[in-house]
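First the structure, in the form of C-alpha coordinates, and then the observations on it.
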Amino acid sequence: MAGGCSNARDPVRCRGMFGSTDTASPDALRWCARGVLLFLALAPCSGGAAPFVEPLAPGVYLHIGKHHPVQSPHRHDIANIGFVIGARCIAVIDTGGSADLGKRLLAAIRQVSTLPICYVINTHVHFDHVLGNAAFTDTTAQFAGHVQLAGAFRGSLEFFREEFTAELGDAQLIKPELLVEDKLQLDLGNRILILQAWAPAHTDHDLTVLDLHTRTLWTGDLLFRERLPIIDSSLRGWLGVMESLGTLDAQRVIPGHGTVSEQGWQAASADQSRYLSMLLRETRQQIAIGTFLGEAAAVIGQAERDRWELFDAVHPTNVNRSYRELEWE
Ligand SMILES: [Zn+2]
(Lines give C-alpha, C1' and ligand atoms only; values in the text may rest on other atoms or scores of the structure.)
Protein backbone atom coordinates (compact mmCIF):
# COMPACT_ATOMS: atom_id res chain seq x y z
CA MET A 1 0.00 0.00 0.00
CA ALA A 2 1.44 3.30 -1.06
CA GLY A 3 1.80 6.20 1.30
CA GLY A 4 3.81 9.26 2.27
CA CYS A 5 6.11 10.74 -0.37
CA SER A 6 5.86 7.69 -2.63
CA ASN A 7 2.73 9.23 -4.16
CA ALA A 8 4.79 10.48 -7.07
CA ARG A 9 4.79 6.98 -8.52
CA ASP A 10 1.04 6.80 -8.91
CA PRO A 11 0.89 8.40 -12.37
CA VAL A 12 3.23 5.61 -13.49
CA ARG A 13 0.93 3.03 -11.95
CA CYS A 14 -2.02 4.65 -13.73
CA ARG A 15 -0.30 4.36 -17.10
CA GLY A 16 0.56 0.75 -16.41
CA MET A 17 -3.02 -0.06 -15.50
CA PHE A 18 -4.64 1.48 -18.54
CA GLY A 19 -1.89 1.24 -21.17
CA SER A 20 -0.38 4.44 -22.49
CA THR A 21 -2.15 7.70 -21.80
CA ASP A 22 -2.76 7.86 -25.56
CA THR A 23 -4.99 4.79 -25.46
CA ALA A 24 -6.58 5.11 -22.01
CA SER A 25 -10.24 6.11 -21.98
CA PRO A 26 -11.22 9.58 -20.76
CA ASP A 27 -13.08 7.89 -17.87
CA ALA A 28 -9.92 6.03 -16.84
CA LEU A 29 -7.73 9.11 -17.07
CA ARG A 30 -10.21 11.19 -15.07
CA TRP A 31 -10.25 8.51 -12.39
CA CYS A 32 -6.45 8.31 -12.35
CA ALA A 33 -6.09 12.04 -11.93
CA ARG A 34 -8.65 11.92 -9.13
CA GLY A 35 -6.84 9.01 -7.47
CA VAL A 36 -3.53 10.84 -7.53
CA LEU A 37 -5.15 13.95 -6.08
CA LEU A 38 -6.76 11.86 -3.34
CA PHE A 39 -3.41 10.36 -2.43
CA LEU A 40 -1.80 13.75 -2.33
CA ALA A 41 -4.62 15.03 -0.13
CA LEU A 42 -4.63 12.10 2.29
CA ALA A 43 -0.90 11.47 2.55
CA PRO A 44 1.06 14.69 2.57
CA CYS A 45 4.85 14.40 2.29
CA SER A 46 5.39 14.80 6.01
CA GLY A 47 6.52 11.27 6.77
CA GLY A 48 2.99 10.66 8.10
CA ALA A 49 0.88 7.54 8.06
CA ALA A 50 -0.30 5.86 4.87
CA PRO A 51 -3.75 6.91 3.63
CA PHE A 52 -6.59 4.91 5.16
CA VAL A 53 -8.05 3.87 1.81
CA GLU A 54 -6.51 3.24 -1.59
CA PRO A 55 -8.33 3.86 -4.87
CA LEU A 56 -8.25 0.55 -6.76
CA ALA A 57 -10.42 1.31 -9.78
CA PRO A 58 -12.96 3.98 -10.78
CA GLY A 59 -15.15 4.42 -7.69
CA VAL A 60 -13.64 1.46 -5.79
CA TYR A 61 -11.72 2.16 -2.57
CA LEU A 62 -10.06 -0.32 -0.24
CA HIS A 63 -8.48 -0.37 3.20
CA ILE A 64 -6.12 -3.34 3.51
CA GLY A 65 -6.12 -5.13 6.86
CA LYS A 66 -2.90 -6.39 8.40
CA HIS A 67 -2.00 -9.93 9.37
CA HIS A 68 -2.16 -9.52 13.15
CA PRO A 69 -3.18 -12.55 15.22
CA VAL A 70 -6.58 -12.34 16.92
CA GLN A 71 -4.85 -12.00 20.32
CA SER A 72 -3.13 -8.79 19.14
CA PRO A 73 -4.21 -5.37 20.45
CA HIS A 74 -4.42 -4.43 16.74
CA ARG A 75 -6.85 -7.22 15.89
CA HIS A 76 -9.58 -4.74 14.97
CA ASP A 77 -7.67 -3.91 11.78
CA ILE A 78 -7.08 -7.27 10.10
CA ALA A 79 -9.81 -7.43 7.44
CA ASN A 80 -10.06 -5.74 4.06
CA ILE A 81 -12.89 -3.18 4.09
CA GLY A 82 -13.96 -0.50 1.65
CA PHE A 83 -16.63 1.10 -0.49
CA VAL A 84 -18.00 1.56 -4.00
CA ILE A 85 -19.35 4.87 -5.31
CA GLY A 86 -22.15 5.11 -7.86
CA ALA A 87 -23.73 8.19 -9.46
CA ARG A 88 -26.48 8.26 -6.82
CA CYS A 89 -25.01 6.77 -3.64
CA ILE A 90 -22.34 4.68 -1.94
CA ALA A 91 -22.17 1.06 -0.74
CA VAL A 92 -19.81 0.11 2.11
CA ILE A 93 -18.49 -3.45 2.11
CA ASP A 94 -17.56 -4.59 5.62
CA THR A 95 -16.79 -2.08 8.34
CA GLY A 96 -13.80 -3.41 10.32
CA GLY A 97 -13.30 -4.83 13.78
CA SER A 98 -14.17 -1.88 16.01
CA ALA A 99 -16.49 1.10 16.21
CA ASP A 100 -13.41 3.33 15.89
CA LEU A 101 -12.26 1.67 12.70
CA GLY A 102 -15.77 2.10 11.29
CA LYS A 103 -15.51 5.81 12.09
CA ARG A 104 -12.19 6.02 10.25
CA LEU A 105 -13.79 4.35 7.24
CA LEU A 106 -16.70 6.80 7.34
CA ALA A 107 -14.24 9.72 7.55
CA ALA A 108 -12.31 8.34 4.56
CA ILE A 109 -15.56 8.09 2.58
CA ARG A 110 -16.36 11.71 3.37
CA GLN A 111 -12.95 12.82 2.09
CA VAL A 112 -13.83 11.30 -1.28
CA SER A 113 -17.57 11.91 -1.68
CA THR A 114 -20.56 13.67 -0.14
CA LEU A 115 -23.08 11.27 -1.72
CA PRO A 116 -25.36 9.44 0.70
CA ILE A 117 -24.41 5.97 1.91
CA CYS A 118 -27.29 3.76 0.84
CA TYR A 119 -25.99 0.33 1.85
CA VAL A 120 -23.67 -1.22 4.42
CA ILE A 121 -23.02 -4.79 3.28
CA ASN A 122 -21.57 -7.39 5.66
CA THR A 123 -19.94 -10.40 4.01
CA HIS A 124 -20.35 -12.50 7.21
CA VAL A 125 -20.58 -12.07 10.98
CA HIS A 126 -16.95 -12.37 12.10
CA PHE A 127 -15.92 -9.53 14.36
CA ASP A 128 -13.25 -8.12 12.06
CA HIS A 129 -15.90 -7.41 9.40
CA VAL A 130 -18.89 -6.13 11.40
CA LEU A 131 -17.99 -4.30 14.62
CA GLY A 132 -17.50 -1.06 12.68
CA ASN A 133 -21.20 -1.10 11.68
CA ALA A 134 -21.90 1.10 14.69
CA ALA A 135 -20.27 4.06 12.93
CA PHE A 136 -22.95 4.00 10.23
CA THR A 137 -26.09 4.10 12.36
CA ASP A 138 -26.58 7.83 11.76
CA THR A 139 -26.36 7.48 7.99
CA THR A 140 -29.23 6.60 5.66
CA ALA A 141 -27.70 3.19 4.99
CA GLN A 142 -29.64 -0.03 4.83
CA PHE A 143 -27.68 -2.92 6.32
CA ALA A 144 -27.47 -5.96 4.02
CA GLY A 145 -26.24 -9.55 4.27
CA HIS A 146 -26.89 -13.25 3.71
CA VAL A 147 -30.33 -14.47 4.79
CA GLN A 148 -28.66 -16.37 7.65
CA LEU A 149 -26.69 -13.33 8.82
CA ALA A 150 -29.40 -11.93 11.11
CA GLY A 151 -29.44 -15.21 13.07
CA ALA A 152 -25.64 -15.26 13.13
CA PHE A 153 -25.69 -11.75 14.64
CA ARG A 154 -28.11 -12.86 17.34
CA GLY A 155 -25.91 -15.87 18.08
CA SER A 156 -22.76 -13.74 18.31
CA LEU A 157 -24.03 -10.80 20.39
CA GLU A 158 -23.10 -12.16 23.79
CA PHE A 159 -19.73 -13.41 22.52
CA PHE A 160 -18.94 -9.99 21.06
CA ARG A 161 -19.93 -8.19 24.26
CA GLU A 162 -17.73 -10.49 26.35
CA GLU A 163 -14.71 -10.86 24.07
CA PHE A 164 -14.66 -7.53 22.23
CA THR A 165 -15.69 -5.07 24.90
CA ALA A 166 -13.00 -2.54 24.01
CA GLU A 167 -13.67 -2.77 20.27
CA LEU A 168 -17.43 -2.35 20.68
CA GLY A 169 -17.35 0.37 23.32
CA ASP A 170 -20.91 1.39 24.10
CA ALA A 171 -21.89 1.16 20.45
CA GLN A 172 -24.85 -0.85 19.26
CA LEU A 173 -24.29 -3.81 16.99
CA ILE A 174 -26.36 -3.27 13.86
CA LYS A 175 -28.09 -6.27 12.31
CA PRO A 176 -28.94 -6.56 8.60
CA GLU A 177 -32.46 -5.79 7.40
CA LEU A 178 -31.91 -6.38 3.69
CA LEU A 179 -31.44 -10.15 3.46
CA VAL A 180 -30.13 -12.05 0.44
CA GLU A 181 -31.36 -15.61 -0.15
CA ASP A 182 -29.77 -16.14 -3.53
CA LYS A 183 -28.85 -13.02 -5.51
CA LEU A 184 -29.75 -9.37 -5.12
CA GLN A 185 -29.03 -6.53 -7.52
CA LEU A 186 -28.32 -3.09 -6.02
CA ASP A 187 -28.26 0.02 -8.18
CA LEU A 188 -25.96 2.77 -6.88
CA GLY A 189 -26.78 4.97 -9.90
CA ASN A 190 -25.26 3.85 -13.22
CA ARG A 191 -23.56 1.15 -11.23
CA ILE A 192 -24.90 -2.31 -10.42
CA LEU A 193 -23.65 -4.48 -7.58
CA ILE A 194 -24.60 -8.17 -7.52
CA LEU A 195 -24.83 -9.58 -4.00
CA GLN A 196 -24.72 -13.37 -3.91
CA ALA A 197 -25.39 -15.67 -0.95
CA TRP A 198 -23.48 -18.94 -0.81
CA ALA A 199 -23.92 -22.42 0.69
CA PRO A 200 -21.93 -23.18 3.89
CA ALA A 201 -18.20 -22.68 3.27
CA HIS A 202 -15.99 -20.36 5.39
CA THR A 203 -19.16 -19.72 7.44
CA ASP A 204 -22.78 -20.76 6.86
CA HIS A 205 -23.68 -17.25 5.68
CA ASP A 206 -21.00 -16.03 3.26
CA LEU A 207 -21.90 -13.27 0.81
CA THR A 208 -19.94 -11.86 -2.14
CA VAL A 209 -20.30 -8.53 -3.94
CA LEU A 210 -19.55 -8.14 -7.65
CA ASP A 211 -19.22 -4.64 -9.11
CA LEU A 212 -20.21 -5.15 -12.75
CA HIS A 213 -18.78 -1.79 -13.83
CA THR A 214 -15.17 -2.70 -12.98
CA ARG A 215 -15.53 -6.53 -12.72
CA THR A 216 -14.32 -6.27 -9.13
CA LEU A 217 -15.28 -9.15 -6.82
CA TRP A 218 -15.32 -8.61 -3.04
CA THR A 219 -15.10 -12.14 -1.67
CA GLY A 220 -15.29 -11.55 2.07
CA ASP A 221 -13.56 -14.47 3.77
CA LEU A 222 -14.37 -16.90 0.96
CA LEU A 223 -10.82 -15.98 -0.04
CA PHE A 224 -7.72 -15.58 2.12
CA ARG A 225 -4.36 -14.68 0.60
CA GLU A 226 -1.07 -14.94 2.53
CA ARG A 227 -2.93 -15.42 5.85
CA LEU A 228 -4.04 -19.04 6.43
CA PRO A 229 -7.76 -19.58 5.67
CA ILE A 230 -9.97 -20.41 8.68
CA ILE A 231 -12.67 -23.05 8.29
CA ASP A 232 -15.68 -22.11 10.38
CA SER A 233 -18.30 -24.18 8.56
CA SER A 234 -17.50 -26.74 5.84
CA LEU A 235 -14.30 -27.76 4.04
CA ARG A 236 -16.14 -29.66 1.30
CA GLY A 237 -18.65 -26.85 1.00
CA TRP A 238 -15.90 -24.26 0.66
CA LEU A 239 -14.15 -26.18 -2.13
CA GLY A 240 -17.49 -26.43 -3.96
CA VAL A 241 -18.19 -22.70 -3.56
CA MET A 242 -14.69 -21.92 -4.85
CA GLU A 243 -15.51 -23.77 -8.08
CA SER A 244 -18.66 -21.70 -8.50
CA LEU A 245 -16.80 -18.45 -7.80
CA GLY A 246 -14.61 -19.29 -10.78
CA THR A 247 -17.63 -18.92 -13.07
CA LEU A 248 -18.21 -15.26 -12.13
CA ASP A 249 -17.05 -12.58 -14.54
CA ALA A 250 -14.43 -11.04 -12.22
CA GLN A 251 -11.02 -9.66 -13.12
CA ARG A 252 -10.05 -7.88 -9.90
CA VAL A 253 -10.45 -10.00 -6.75
CA ILE A 254 -10.48 -8.43 -3.27
CA PRO A 255 -10.01 -11.12 -0.61
CA GLY A 256 -11.25 -10.80 2.97
CA HIS A 257 -7.61 -10.91 4.04
CA GLY A 258 -4.47 -10.32 1.99
CA THR A 259 -3.47 -8.62 -1.22
CA VAL A 260 -5.72 -7.80 -4.16
CA SER A 261 -5.30 -9.78 -7.38
CA GLU A 262 -5.85 -8.27 -10.81
CA GLN A 263 -5.53 -11.67 -12.52
CA GLY A 264 -8.98 -13.19 -12.06
CA TRP A 265 -10.27 -15.87 -9.71
CA GLN A 266 -8.07 -18.85 -10.65
CA ALA A 267 -4.81 -16.98 -10.03
CA ALA A 268 -6.17 -15.21 -6.96
CA SER A 269 -7.31 -18.42 -5.29
CA ALA A 270 -4.53 -20.83 -6.34
CA ASP A 271 -2.82 -20.97 -2.92
CA GLN A 272 -6.05 -21.36 -0.99
CA SER A 273 -7.23 -24.04 -3.43
CA ARG A 274 -3.98 -25.96 -2.93
CA TYR A 275 -4.22 -25.75 0.89
CA LEU A 276 -7.88 -26.73 1.18
CA SER A 277 -7.52 -29.56 -1.38
CA MET A 278 -4.51 -30.87 0.56
CA LEU A 279 -6.50 -30.69 3.79
CA LEU A 280 -9.33 -32.74 2.25
CA ARG A 281 -6.98 -35.34 0.78
CA GLU A 282 -4.62 -35.77 3.73
CA THR A 283 -7.37 -35.75 6.37
CA ARG A 284 -9.20 -38.51 4.49
CA GLN A 285 -5.94 -40.47 4.30
CA GLN A 286 -5.27 -40.17 8.05
CA ILE A 287 -8.84 -41.15 8.92
CA ALA A 288 -8.53 -44.18 6.63
CA ILE A 289 -5.37 -45.45 8.38
CA GLY A 290 -6.83 -44.86 11.84
CA THR A 291 -4.89 -41.80 13.03
CA PHE A 292 -6.63 -40.32 16.08
CA LEU A 293 -7.99 -36.80 15.95
CA GLY A 294 -5.55 -35.58 18.58
CA GLU A 295 -2.56 -36.71 16.49
CA ALA A 296 -3.81 -35.62 13.08
CA ALA A 297 -2.70 -31.97 13.10
CA ALA A 298 0.95 -32.96 13.59
CA VAL A 299 1.02 -35.03 10.40
CA ILE A 300 -1.43 -33.31 8.05
CA GLY A 301 -0.35 -30.41 5.84
CA GLN A 302 3.13 -29.80 7.22
CA ALA A 303 4.44 -28.93 3.73
CA GLU A 304 2.23 -25.83 3.90
CA ARG A 305 3.75 -24.43 7.11
CA ASP A 306 6.17 -21.95 5.55
CA ARG A 307 3.73 -20.78 2.89
CA TRP A 308 1.28 -18.99 5.20
CA GLU A 309 1.07 -16.32 7.87
CA LEU A 310 -0.26 -17.61 11.24
CA PHE A 311 -0.08 -21.26 10.19
CA ASP A 312 0.56 -22.63 13.68
CA ALA A 313 -2.25 -20.57 15.20
CA VAL A 314 -4.92 -21.70 12.74
CA HIS A 315 -3.97 -25.00 11.11
CA PRO A 316 -4.70 -27.30 14.10
CA THR A 317 -8.25 -25.90 14.31
CA ASN A 318 -8.73 -26.47 10.58
CA VAL A 319 -7.57 -30.08 10.92
CA ASN A 320 -9.92 -30.59 13.86
CA ARG A 321 -12.94 -29.28 11.92
CA SER A 322 -12.03 -31.17 8.76
CA TYR A 323 -11.56 -34.43 10.65
CA ARG A 324 -14.96 -34.09 12.30
CA GLU A 325 -16.59 -33.25 8.98
CA LEU A 326 -15.00 -36.14 7.10
CA GLU A 327 -14.87 -38.97 9.65
CA TRP A 328 -18.46 -40.14 8.97
CA GLU A 329 -18.36 -39.85 5.18
ZN1 LIG B 1 -12.05 -12.06 8.39
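Residues of the range 191-200 that are without any contact (Cβ under 8 Å) to a residue 60 or more places away in the chain and not in a loop (DSSP other than H, G, I, E, B): Ile192, Ile194, Gln196, Ala197. Selection of the range 227-246 for residues being over 13 Å from Pro200 (Cβ atoms) and within 13 Å of the ligand (Cβ to nearest atom) yields Arg227, Leu228, Pro229, Ile230. Taking the range 82-190 and the helices (runs of 4 or more DSSP H) fully enclosed by it, the elements with 2 or more residues that are surrounded by fewer than 22 Cβ atoms within 10 Å (Cβ to Cβ) are at 99-112, 149-163, 165-168. Kindly evaluate Asp128 against the criterion of being among the charged types (D, E, K, R), within 13 Å of the ligand (Cβ to nearest atom) and assigned by TED's automatic domain parsing to the domain that holds Gln172. Yes: the conditions hold for Asp128. None of Leu228, Leu239, Leu245, Leu235 is at pLDDT 95 or above, in the same structural domain as Thr123 (by TED's automatic domain parsing) and within 21 Å of Ala57 (Cβ to Cβ) except Leu245. Test Ala79 against the stated conditions and say whether it is assigned by TED's automatic domain parsing to the domain that holds Thr165, within 14 Å of the ligand (Cβ to nearest atom) and in a loop (DSSP other than H, G, I, E, B). In short, yes.
Collect the residues in the range 201-214 that are assigned to a loop (DSSP other than H, G, I, E, B) and more than 16 Å from the ligand (Cβ to nearest atom), keeping them in residue-number order. Of everything in the range 201-214, those that are assigned to a loop (DSSP other than H, G, I, E, B) and more than 16 Å from the ligand (Cβ to nearest atom) turn out to be Leu212, His213, Thr214.
Quick check: is even one residue across the range 182-193 away from the ligand (no atom under 16 Å from the Cβ), at pLDDT below 95, farther than 18 Å from Gly151 by Cα and not aromatic (Phe, Trp, Tyr)? Spell out the reasoning first.
Going residue by residue through the range 182-193, those that are away from the ligand (no atom under 16 Å from the Cβ) are 182-193.
Right, trim to at pLDDT below 95 and you get none.
No.
Against the definition (closer than 24 Å to Leu179 by Cα and either more than 15 Å from the ligand (Cβ to nearest atom) or not aliphatic (A, V, I, L, M) (or both)), how does Gly59 come out, yes or no? Lay out the reasoning, then the answer.
Working: closer than 24 Å to Leu179 by Cα: no; either more than 15 Å from the ligand (Cβ to nearest atom) or not aliphatic (A, V, I, L, M) (or both): yes.
Criteria not met by Gly59.
When Thr95 is tested against (1) more than 15 Å from the ligand (Cβ to nearest atom); (2) at pLDDT 95 or above; (3) hydroxyl-bearing (Ser, Thr, Tyr), just one condition goes unmet, and that condition is (1).
Suppose we filter Pro73, Pro69 for residues that are in contact with a Leu (Cβ under 9 Å, 6 or more places away or on another chain), part of a loop (DSSP other than H, G, I, E, B), surrounded by fewer than 19 Cβ atoms within 10 Å (Cβ to Cβ) and in the same structural domain as Thr214 (by TED's automatic domain parsing); which single one remains?
Working: Pro73 fails: in contact with a Leu (Cβ under 9 Å, 6 or more places away or on another chain).
Unique residue meeting the criteria: Pro69.
On the given criteria, is Ile254 more than 24 Å from Leu56 (Cα to Cα), in contact (Cβ under 8 Å) with a residue 40 or more places away in the chain and of a type in the set (A, V, I, L, M)? Spelling it out, it is not the case that Ile254 is more than 24 Å from Leu56 (Cα to Cα), in contact (Cβ under 8 Å) with a residue 40 or more places away in the chain and of a type in the set (A, V, I, L, M).
The values are calculated or read from the model by the stated rules, or taken from the named source; none is laboratory data. All values reported here derive from a predicted model rather than from experimental measurement. FYI the Cβ positions are ideal-geometry reconstructions off the backbone, even for glycines, and counts take in every protein chain you see.
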